[in-house]
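Below is one structure; the comments refer to it alone.
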Amino acid sequence: MLLGKKRMTYRANGLVPVALDIDWQTLCPTKEEISAKITSRTKAIVFAYPYGKRYQIDHLAKYCKSFDLKIIEDASEAFSGV
């Protein structure tokens with residue numbers, strides 16, 4: 001349900017969310033998955049932190065910056081915040 005509300009918020013602001021598959025070991029998307037979804041219209045990537053866990057995205061942040069993408073960290077679903 002929360003994902004649906006977030007998608008409506010993104011669309012209301014002219015953004016089109018695209019879902020990525022995750023690696024079950026790290027619970028983060030892989031570089032290959034990110035690369036496959038990047039288009040000329042891609043401006044940012046949102047990393048959500050559900051279940052109270054902050055994922056290690058430092059290596060992905062450097063990778064995304066090589067594409068000049070903004071990183072948005074969404075901790076709204078984390079139990080205790082980040």
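Count of the stretch 21-43 residues, restricted to those that are at pLDDT below 85, surrounded by 15 or more Cβ atoms within 10 Å (Cβ to Cβ) and in a loop (DSSP other than H, G, I, E, B), is 2.
When you look at Gly4, is it loosely packed, with under 10 Cβ neighbours inside 10 Å, assigned to a loop (DSSP other than H, G, I, E, B) and modelled with pLDDT under 85, yes or no? Spelling it out, it is not the case that Gly4 is loosely packed, with under 10 Cβ neighbours inside 10 Å, assigned to a loop (DSSP other than H, G, I, E, B) and modelled with pLDDT under 85.
The set of residues in the stretch 44-58 that are at pLDDT 75 or above and surrounded by 11 or more Cβ atoms within 10 Å (Cβ to Cβ) comprises Ile45, Val46, Phe47, Ala48, Ile57.
The values are calculated or read from the model by the stated rules, or taken from the named source; none is laboratory data. This structure is a prediction, so every number in the text was calculated from the model and none was measured. Counting neighbours? That spans all protein chains shown, and the Cβs are built from the backbone with ideal geometry, glycine included.
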